[in-house]
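Remarks on the structure that follows.
Throughout, read-outs are computed from the coordinates displayed, never taken from laboratory work. None of the values given here were measured: they were computed from a predicted structure. Cβ placement follows ideal geometry from the backbone for every residue including glycine, while neighbour counts extend to all protein chains displayed.
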Amino acid sequence: MSESHFRYVASNRRVREDRRFVAGKGQYVADIDLPETRHVALVTCPHAAARIKSIDKRAALKMPGVHYILDGAELAAATVPLMTGLDTPNVPRRPLALEIARYSGEWVAAVVADTRALAEDAAEEVNVDYEPLPFVLDAEQALEKASPLVHEAHGSNVLLDKTFVWGEVDKDFAEAPHKLKLRVKWGRSATVPIETFGVVASWDPWRDMLDVWASIQMPRFPDQVGAALKLPVSSVRLHHDVDVGGSYGVKRGIKHTVLCGYLARRLGFPVRLIEDRLENMRGGDAHGPERLFDVEVAYDDNGIVRSMKMRALENVGAYAGRSPFQLGKPIGSIVGPYKIKSVQYRAVAVVTNKTTQEAVRGFGQGPTNVALERMMDEVAHALGLDPLEVRRRNLIRAEEFPYTIPSGTAYDSGDYETVIAKVLADTPYEALKKQRDALRAQGQLAGIGIAACLEPSGGNASFEALLNPKITTSTFMDSCRINVDGAGTITATMHTTSSGQGHETLVGTVIGEVLQVDPELVRVMRPDSLTSLPSGTPVGSRMAIMLGGAAFHAAQKLKTKLTTIAAHDLGIPFDRAVYEQGYVYDRNAPQNRRTWADLVTIAHRNMHRMPPGFEPGLAETHIYPVPNGGKLPTADGRVQMYPCFSFEFHLVLLVIDPDLGLPRILRYRLGHDCGTQINPKIVRGMTMGGIAHGIGAALFEEFAYNDEGQLIAQSFMDYLLPSAHEVPAVKIIDHETPSPLTVLGQKGSGESGYLGAPAAMANAINDALRPLGISLNTLPLKVSKLGDMIADAHAKAGK
Amino acid sequence: MRIKLSVNGGEHALDMEPRTTLLDALRDHLKLTGAHAGCEHGVCGACTVLLDGVAVRSCLIFAPQAEGSAITTIEGVTPGPGELSPIQDVFCETHGMQCGYCTPAMILTAHALLAGNPEPTRDDIVEAISGNICRCTGYAQIVEAIALAAERMRGANRPMELRK
């Protein structure tokens, strides 16, 4: 599909959502201002694990403005535990701790007062008598028999331990002349949006309706809230027209909403909980993967990787919702962009006494890409080959698509070699190496980092059925409805919240493209959950593909209907009628035409001119299933995980300050291919934001704990987010390999940049350290750690 | 206590607890919700407003401390209903945002920068916004917006025949 084919798609258009944001007129959950709303503050456990012996509310209830104090026993009696992904009934998760609190910061009670400040005052006066219990923090220790059990009734700390073997791993290992082992650790980090999580809940007893405004990005949210509160889902009305102040995966909010929903019903007035930053970081949906990889590969003299064994050990924290599934999604691109013939993958998830983990951008793919890309560099180093050359020898070639990897997923399309060639045409590799070597000759610690990574996109969450055989879901969809009213104006609907992805612009652009009308003329609305069609929500880098696909097909249906009405009214066969920019003419006599206004009049007011049997009006709906989806995993654990695969190639040159350990990026180039870019401004923003986030995860960000189980990153002075100083200027070099599976050739880009930047940074830093004979494979590669390691190495060398 | 605040050119007499932050006063008492709470400990900058033209964090100032100063919020730099200032317009032009949560604060910081430095270098812009954390964009399109705003505002003050 050539660019000239498009009228509005792929052009450099503005993003319609931006107008309200620059004026401060976004409507975030904290801006929802219902009369009589009361405010929640939380009482949290100060211990890593403790039995709750008693909760004395008397002093707090006497504080000014206090209405109610809710504890875990009351809430548990009235609700059922929250939905979990794995089949682990003895690891129940509830909004408030019941009898035992399992991490420092876990919610123990909720205070409701006239203002947030009064609720916080009273929370300090709730006296909880705790009996501290033994605890375990480290994932490997959690596996040991002697370790304390986080959930006694579960019988072990292991939630998931599943091994997959795809292909002849033992044979490939036996035949390969070389093997190599590598351990890589991804530290506990997350997306940390600038808006914390918030929810407002209001119960109407005369309509049996729980109204919810929430800062969420969560599939099947009303279903989960309804189930926990024992309400029919048709009594939970989630308002989708709330702007979400960033999420990138984490804003799940089920426990917050169950808590506030219960309180609103119990107390008879609206209740809101807007987390402060401390509540957010300790006990909100704030933490992401903390993963230990043991990788072993078998390769030949030319650096061709024949087989790989990978164990991923995930520390999910004290409870599990959807988070262990983050071990499953990477199965769909477990070999990255490489032709590795056979793979053994062991996915292990354990509970510990840390904050519960939630979904994070990439859903486990970012950490996995670091393990794969560090491995590629180590193979090259072991053979004395160049790391770029080794990658090129292993890459899937353009003519080999669709390419099915050992775990059963077919990659749709790609041209990895051309993307790399375009980057190197901009920044010649040999010159970059010379620059690095010249810096080294001046005594600097200089390194080049490469990462060649995939972004699976489209979000058919087949990992659910793969990791939990009780789940048989193979349907993943999104929807769009278009209505042309009696005056001829166009209104489309989408059916989920957004957190900055520009979905209204997406819908308008796609419909404008199909109907050949200015996208600005397409109004885009978000009905509430009870008047919505199905949506899988913006997870898994899926909306360009899925919402774009739904809008495209709904608009095609509308175009066909308009053309049919015109053909009938003109008295010509359908295939002689030509639709163009909103009117329809006779191919054989172009002066015979029906305008948009004519067609609207016929459809809305002139039934006598409609084709017989046609529905009046101009309303069309499309529910779009994931392309190349709809199948369950096979018995041997093979599955089509996601339909589309974007590619990114990172090339970084950096130097490390030998005294401070501070890396400074001198050059950052990114080759990026996500197929057709429906809105290039949005794609670039997502990609740059992803790189910034990836640099943060690689160097700075960690929810670190001390030995007592206390979270020691409790503010933005401890959990360090990249500022404008830390993010370098990046040149992005685009390439476009359309997906054959999608309506416009588009693929996903919601996770772009983030899926490769940590790997590129880790490789660059290890390249810089290599002359000192040291290596660091624990992310974040903290400045303090690097500084100490470099000093030690210099001391040993007698410098 | 009763305090007087001068906000966006208007005078407001308000009753509040002495411990009320300027951010809470603007949001809860004056319903100026364009200022956003991010960290409430002075790091993220999402609550930035202008105090006598200087970009400050409204979460770190008690409302009574702002008495006697001219406070400007994002609502105060928006020229009129549905109209954008030149700086707001360039943020739309470059798409210098995604979720919009840090955006009003970024724009006010840009206003403060450009009021004192009509020809900022890239480093000047980076330094100016380094106290405003954006988690969506990686800053590139924000830096470009502010550079473009500076260029357009310089052009607007030049006689027509000297504009490029």
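Which one of A:315, A:725, A:680 is farthest out on the positive end of the charge dipole of the protein assembly as shown, using unit charges on Cβ (Lys, Arg +1; Asp, Glu -1) and the Cα centre as origin? The residue sitting most towards the positive pole is A:680. The phi-based Karplus calculation (6.51 cos²θ - 1.76 cosθ + 1.60; θ = phi - 60°) puts the 3J(HN,Hα) values of the range A:175-180 at 7, 7, x, 10, 9, 8 Hz, whole numbers, x for Gly and Pro.
A DSSP coil position with no more than 14 other Cβ atoms inside 10 Å describes the following GluC sites (Glu not before Pro) in the range B:1-93: B:67.
The string of couplings for the range A:653-666 from the Karplus curve (6.51, -1.76, 1.60, θ = phi - 60°) is 10, 9, 10, 10, 5, x, 8, 8, x, 7, x, 10, 7, 8 Hz, one whole number per residue in order, with x for Gly and Pro. Sort out for me the Cα centre separation of the range A:300-340 from the range A:699-778, rounded to whole Å. Value for the Cα centre distance between the two parts: 17 Å. Listed from fewest to most Cβ neighbours within 10 Å, the set A:106, A:144, A:399 follows the order A:399, A:144, A:106.
For the protein assembly as shown, what is the percent of antiparallel DSSP beta bridges, rounded to the nearest 5? Of the beta bridges lying entirely in the protein assembly as shown, close to 80 percent run antiparallel.
Straight-distance candidates among the lysines for linking to residue A:557, with alpha-carbon spacing under 30 Å and chain neighbours fewer than 8 residues away dropped: A:631, A:681, A:747. For residue A:181, the aspartates and glutamates whose Cα comes closer than 17 Å to its Cα, not counting residues fewer than 8 places off in the same chain, are A:170, A:172, A:294, A:296, A:300, A:301, A:373, A:377, A:378. For the range B:86-162, the spread of Cα coordinates along the three principal axes comes to 41, 22, 17 Å, biggest extent given first. Comparing A:487, B:74, A:100 along the charge dipole axis of the protein assembly as shown, the residue lying farthest to the positive side is A:487, per the Cβ-charge model. Here the protein assembly as shown is assigned +1 on the Cβ of each Lys and Arg and -1 on the Cβ of each Asp and Glu. Its dipole about the Cα centre then comes out at about 1300 debye.
Between residue A:775 and residue A:437, residue separation times 0.36 nm minus the direct Cα-Cα distance comes to 119.8 nm.
Panel order for A:213, A:206, by other beta carbons found within 10 Å of each beta carbon, from fewest to most: A:206, A:213.
Calculation over all alpha carbon pairs of the range B:2-77 in 10 angstrom steps from 0 returns a P(r) of 22, 61, 17 percent.
The residue A:606 and residue A:233 beta-carbon pair, evaluated with R₀ = 56 Å, returns a calculated FRET efficiency of approximately 0.90. If the chain linking residue A:794 and residue A:520 were pulled fully straight, counting 0.36 nm for each residue of separation and taking away their Cα-Cα distance, it would gain 92.4 nm.
About its Cα centre, the range A:47-127 has a charge dipole of approximately 180 debye under the convention of +1 per Lys or Arg Cβ and -1 per Asp or Glu Cβ, with nothing else charged.
In a simple Cβ point-charge model (Lys, Arg +1; Asp, Glu -1; nothing else charged), the range A:477-625 has a dipole of about 220 debye relative to its Cα centre. For the range A:573-696, the fraction of C-alpha pairs farther apart than 25 angstrom is 64 percent.
Note on residue A:57: lysines with a C-alpha under 28 Å away, same-chain residues under 8 apart excluded, are A:230, A:255, A:354. Per-residue ellipticity at 222 nm computed for chain A from its helices equals -8500 deg cm²/dmol, with DSSP H segments shorter than 4 residues left out and the rest contributing -39,500 (n - 2.57).
With the largest listed first and rounded to whole Å, the semi-axes of the equivalent ellipsoid of the range B:30-164 from the Cα gyration tensor are 25, 17, 14.
Distance from the Cα centroid of the range A:49-116 to that of the range B:41-85 is 37 Å (rounded to whole angstrom). For the range B:86-162, the residue among B:94, B:115, B:105 whose Cα projects farthest onto the positive side of the dipole built from Cβ charges is B:105. For chain A, what log10 I(q)/I(0) values come out of the Debye formula at q = 0.10 1/Å, with one point per alpha carbon and no solvent? Log10 I(q)/I(0), no solvent term: -1.07.
Other protein chain C-beta atoms within 10 Å of residue C-beta, averaged over A:116-122: 1. Computed from label points 7 Å out along Cα-Cβ, the spacing between residue A:7 and residue A:475 is 3.4 nm.
Count Lys and Arg as plus one, Asp and Glu as minus one, and take only other residues whose Cβ is under 9 Å from that of residue A:493; the net charge is then +2.
Rounded to two decimals, the Cα-based Rg/Rh of the range A:238-328, with Kirkwood Rh, is 1.20.
The phi-based Karplus calculation (6.51 cos²θ - 1.76 cosθ + 1.60; θ = phi - 60°) puts the 3J(HN,Hα) values of the range A:215-221 at 8, 10, 9, 8, x, 6, 5 Hz, whole numbers, x for Gly and Pro. By DSSP, what percent of the beta bridges with both residues in the range B:2-77 are antiparallel, rounded to the nearest 5? The antiparallel proportion sits near 85 percent. Residues A:172, A:718, A:18 in ascending order of nearby Cβ atoms (within 10 Å, fewest first): A:718, A:172, A:18.
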